[in-house]
1. Could you give the length gained on full extension between Arg25 and Leu194, defined as 0.36 nm per residue of separation minus the Cα-Cα distance, in nm?
2. Among Ile131, Pro160, Pro192, which residue has its Cα furthest toward the positive end of the charge dipole of the chain, with +1 on Lys/Arg Cβ and -1 on Asp/Glu Cβ?
3. From the convex hull of the Cα coordinates of the range 145-221, what is the mean projected area in square nanometres?
4. Using only the Cα atoms of the range 135-276, construct the convex hull and provide its projected area averaged over every direction, in square nanometres to one decimal.
5. Modelled label-to-label distance, Tyr69 and Ser113, 7 Å Cα→beta-carbon offset: nm?
6. Rounded to the nearest 0.05, what FRET efficiency is calculated for Trp35 and Leu244 with R0 set to 41 Å and r the Cβ-Cβ distance?
7. Give me the distance in nm between label points sitting 7 Å out from Cα along the Cα-to-Cβ direction at Ala146 and Trp215, one decimal.
8. Given H placed 1.01 Å from N in the peptide plane, which residues other than close sequence neighbours of Ser153 have an amide H under 5 Å from its amide H?
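The values are calculated or read from the model by the stated rules, or taken from the named source; none is laboratory data. Only a predicted model underlies this, so the values are computations on that prediction, with no experimental measurement involved. Here the Cβ positions follow ideal geometry from the backbone for every residue, glycine too, while neighbour counts run over all protein chains shown. All accessible areas refer to the heavy atoms of the entire protein, side chains included, with ligands and DNA or RNA removed. Shrake-Rupley method; radii C 1.70, N 1.55, O 1.52, S 1.80 Å.
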Amino acid sequence: MTSSPIELILAAGRHDRHYWRDLWRYRELFYFLAWRDLLVRYKQTAIGIAWAVIRPFVTMVVFSVVFGYLAKLPSHGVPYPILVFSAILPWQLFANALSECSNSLVGNANLISKVYFPRLIIPASAVIVSIVDFLMAGMILLGLMAWYNFVPSWRILTLPLFILLALLTSTGAGLWLAALSVKYRDFRTVVPFLIQFGLYISPVGFSSSIVPEWWRWLYSLNPMVSVIDGFRWAILGNTTTLYLPGFLLSSVLAVLVFVGGIRFFRNYERTFADVI
């Protein structure tokens with residue numbers, strides 16, 4: 001009597017129906033990766049986490065001089081440094097989150113190739129570093145408000161909505177780029193270029209009110225336009241207005257980018273360990 005051969009099947013990971021449950025089961029890995037990234041980000045630097053404050057401050061000074069002093073663009077009665085920094089804050093959050101998220105898989109190649117866990121944990125944990133930098137840089141804005149005796153209105157309570165919109169946009173786009181970077185390493189070079197280009201086409205150094213009215217809806221196809229306008233609307237109060245059609249358009253685009261990013265990431269997730 002001969003026994004039937006034993007068939008051994010090696011699977012790339014758990015079944016899809018367990019995936020979202022596994023995200024919760026592996027939450028400690030998420031905490032560990034986020035904490036590791038925070039510790040490593042400014043390791044062996046002379047001034048450490050102070051770089052999170054210095055970089056946006058220097059950008060604010062340069063933009064204030066170029067657009068406010070030299071170009072003399074309108075600030076609608078708001079001190080130009082506050083006008084600029086209220087846009088630098090969301091832009092830095094978006095740019096840092098996009099950069100960290102898009103490079104997260106390649107930076108954790110050894111971990112991906114050795115053990116199973118929901119790969120979505122890696123880009124999600126990378127975004128935490130950007131949020132910490134955002135909170136640190138926010139202290140500059142508080143200092144500017146105190147220096148210019150500028151008191152925000154009740155609209156400041158709506159600020160979390162625009163923070164969420166920035167995170168949806170950056171994380172969604174970051175998931176697309178992270179999945180593509182695994183196979184095409186060219187995207188590690190493309191991402192800094194995209195961020196630099198986006199800085200110039202977004203109303204960071206100036207107010208979007210200078211854009212002609214008939215172009216505002218087209219300009220709002222860049223979701224960061226409404227995020228920046230929303231920050232200024234929430235922080236600067238009645239001195240600025242929020243272009244509602246553009247905000248609704250940007251919100252829909254941000255959600256579509258985020259949902260599409262998750263679906264695209266999940267479709268290619270099984271191949272990461274083989275390609276990376």
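1. 57.3 nm
2. Ile131
3. Over all viewing directions, the range 145-221 projects a mean Cα-hull area of 7.6 nm².
4. That works out to 10.1 nm², a quarter of the Cα hull's surface.
5. Going by the 7 Å Cα→Cβ label model, 5.2 nm.
6. 0.55
7. Between Ala146 and Trp215, the label points sit 4.0 nm apart.
8. Hits under the 5 Å cutoff: Gly237.
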